[in-house]
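Written out below as structure tokens is the structure these notes cover.
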Amino acid sequence: MGYFRLALRNLAHRPLRTALTVTGIGLAVAVAVSLIGFNLGYRQSIHTSIDKLGFQVMLMAKGCPYEAATMMLKGGTGLLYLPTSTFDEVKMDPELAAITPIFVGLAQKEGGGLRDDEGGAFVVLSGIDQASFLTMKPWLTFAEGPGREGGRWFAPEAANEVVMGFEVAEYEQRKVGDTFYVTVTPQGQTEPQTHEMKVVGILDRTGTQDDGTVFLPLSTARRLFNRPDELTIVGVKLKEFSGVRLREFEKRWAKLPEVQVVSLQQVKTTLVSLVETAQTMIAAVAVVAIIVAVIGVINTILMSVVERTGEIGIMKAIGATRGDIFQIIWLETLAICLGGGLLGCVGALLGARAVEAALRLLIDVGAHGSIVAITPGILLGALGGAAALGVFAGLYPAWRAASLRPIEAIREGE
Amino acid sequence: MTSQQSSPADSRDPATTGPAHRSDVLEAALPPAVSGATLSSAVAAGGVPASTGGSGAGFPHGGPTVDRSPVIIARGLVRHYHRGSETVRALDGVDLDVRSGEMVAILGPSGSGKTTLINLLSCLDAPDAGTLTVAGRPVTGLGEEALTAVRRGRIGFVFQKFHLLPALTVAENVELPQLFLEQPIDRAHTLEVLRAVDLENRATHLPRELSGGQMQRVAVARALITRPAILIADEPTGNLDRANGEALFALFRRLIAQEGLAVVVTTHNHHLAEQADRIITLEDGRIVREERGCGVGERVTEGG
């Protein structure tokens, strides 16, 4: 039996107290691991989502850049529109490599799903020009498997054909050939109209906002919403993308009324800064949780030292040196913190999805795919951090115990 | 104040002649471990074993040699405590020698200085004045860590309240001093020691599963596992009934007979104290009386 085993036996002798203390550390570590995992995962997710938009710059109606960013990535609400003439003018720009017009609209639907600001369930409709859209996103392919065979793009002017993203098809439980009802309120009308559409294809998973989108021909989308001459976004790919070229492009087209030019780098920065604000608050909570947990550990070990004053005295009487006692108590603290660290890591791994769901509820993350990435490095760091906390938290109780004089400790213990 | 008269042999420098560690002296002479049946039977019977010779039957450490040199030499021990403005003269000039192979009982009313004296003799505390040599080591003026170094492996402790670690099994409690001394732990040896105190079948039990008498015997086994030269017992029968108290003293007598151990024991029980070789009575921090117990003449030979 070594000192570490002796320390473990001492902890096991007070199972409830040990379990509560380990749980306290575990919770703090789980919060910290989840937060760091969220930070990493979210950045990766944002980068993936934006890189897979296919275009480097977009033109959209002037408004809040945060709203613009989330609208571009997720759909969002409170859409603003550009006149088609903007597209016609910009497509003449000599620096363009490619350009695509997009009309985004929200369709109401019954049951669950995304909800708008009023709490109504909705699905994102994206009217696209298939040819130019696929030039931007050549990686879009149709999913295979039962119910997805024979997927194809809609005819350019089809009035009632849609292609569904992977996630929305799964959520709505639609197969190729199924009917899909979309209910929209056209501009100028108060009563919603329901349209019967046919699913002609289901896209393979991309890990981007496209997975949650229902695509239909641009002309059809504009007709459904009674906005025949409007667009939501104009996606642009420049021949040469650099800061200079971007500024030049922006200068050329910012002169248009009601138009803002947003580069994807700006969007990334905007989204990351948006979430960093929330992260700072959560980080503060995590730091407080860790401080409270460490105080709890110190308190628990100090209580244990006081309760075991007699035991410590007897150990010293029968030959334990100050160093021996220091090690035993210190190892107890270390074991508690390492146990809490392990528990926290397991909890964070198991709870990652729950944390992600909670985050998506709390904030508009504007990214698709998993946004919590708990890597082995994070877990090792968490365990190392927990061990460091144990080393720190154990110093004072261990010193207190080691400083007890055996004769007084035995007397106090009686 | 009374002190034991030193014979010429007593005046030898214990640092050179005394057993610094009992095993150092006894190792070569000890026969192999043997069954603990004799001791166990004696303990179970609650009486003094018939055999008091040095044949060594019963305890795993083997038999004794007859080295009766002093293992504790105290001269003019003084220990004062300060309680506010008041100075308590807990010990006020005590001379005492304790030899290998003898049991010294310390009697006295509460507050007479028994525990203070035993704390000094066991190197748990340091005297304010006087000189003290324990197991051949001068300990006067040593600090806590140096005192610990003297205690380690040389002095075994038995306390009134047993003081077993509740988280550890009986065997692990017994092995605890070896852990601190970084000695190899041999479970077979532990079981032999436990057999000697008739607790071999309780090795895996926790202290809470034992009776008071059994716990005190575990404490004795723990005190003996490192083969100390001196056994210090502070009111060891205080929490035991009469039968268990007598059994414990019988065990002490057996250890002295077989192991040549020096035993210093404090007690309030005159009947039990009678079983010691010498009975020291303390009052107000001074030795006021020294008597011979029933063991005198059988085991103590002046000058070793």
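The values are calculated or read from the model by the stated rules, or taken from the named source; none is laboratory data. Everything numeric in this text was worked out from a predicted model, so none of it was measured. We place every Cβ from the backbone using ideal geometry, glycine too, and count neighbours over all the protein chains shown. Calculation scope for accessible area: heavy atoms of the full protein, side chains included, ligands and nucleic acids excluded. Shrake-Rupley method; radii C 1.70, N 1.55, O 1.52, S 1.80 Å.
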Out of A:M164, A:L256, A:L343, whose Cα points farthest toward the positive end of the dipole of chain A (charges: +1 Lys, Arg; -1 Asp, Glu; placed on Cβ)? A:L343
What accessible area per residue comes out for the stretch B:90-190, rounded to a whole number of Å², with a 1.4 Å probe? 26
Using each residue's phi in the stretch A:4-19, evaluate 6.51 cos²θ - 1.76 cosθ + 1.60 at θ = phi - 60° and report the 3J(HN,Hα) Karplus result to the nearest Hz, with x for Gly and Pro. 5, 5, 4, 4, 5, 5, 4, 5, 5, 6, 10, x, 5, 5, 4, 4
Leaving out ligands, DNA and RNA, calculate the buried accessible area for the pair B and A with a 1.4 Å probe, summed over both sides, in Å² to the nearest 100. 2600
Restricting attention to the stretch A:208-278, which trypsin sites (Lys or Arg not before Pro) occupy a DSSP loop and are surrounded by at most 14 other Cβ atoms within 10 Å? A:K239, A:K255
Pull up all non-local amide H partners of B:R79: gap of 5 or more, or a different chain, and H-to-H distance under 5 Å with H placed in the peptide plane. B:A90, B:L91, B:D92, B:G93, B:D128
About its Cα centre, the stretch B:146-276 carries a charge dipole, from +1 on Lys and Arg Cβ atoms and -1 on Asp and Glu Cβ atoms, whose size in debye to the nearest 20 is 160
For the stretch B:124-202, the dipole about the Cα centre with charges only on Cβ (Lys and Arg +1, Asp and Glu -1), to the nearest 20 debye, works out at 120
With the alpha-carbon atoms as the only input, what is the per residue convex hull volume for chain A in Å³? 176
How large is ³J(HN,Hα), in whole Hz, for each residue of the stretch B:221-229 in order, when computed from phi with the Karplus curve 6.51 cos²θ - 1.76 cosθ + 1.60 and θ = phi - 60°, using x for Gly and Pro? 4, 4, 5, 9, 4, 8, 6, x, 7
What pairs in A:K137/A:K198; A:K109/A:K175; A:K91/A:K137; A:K109/A:K198; A:K109/A:K255 have C-alpha atoms more than 27 Å from each other? A:K109/A:K255
Could you work out, for the stretch A:254-317, what percent of all Cα-Cα pairs fall into each 5 Å distance bin, beginning at 0 Å and stopping at the bin that holds the largest distance? 4, 13, 9, 10, 9, 8, 7, 7, 6, 5, 5, 4, 4, 3, 2, 2, 2, 0
Would you mind pulling out the separation of the Cα centroids of the stretch A:8-60 and the stretch B:65-107, in Å? 64
Looking at A:V200, A:I99, A:G188, which one has the Cα that reaches farthest to the positive end of the dipole of the stretch A:92-235 (charges on Cβ: Lys, Arg +1; Asp, Glu -1)? A:V200
Within chain A: Cβ-based charge dipole about Cα centre, in debye rounded to nearest 20 (Lys, Arg +1; Asp, Glu -1): 1380
Determine, from the Cβ-Cβ distance of A:L361 and B:E290 and an R0 of 60 Å, the FRET efficiency 1/(1 + (r/R0)^6), rounded to the nearest 0.05. 0.10
Taking the simple approach of a point 7 Å from Cα along Cα-to-Cβ for both A:T194 and B:R75, what is their distance in nm? 11.2
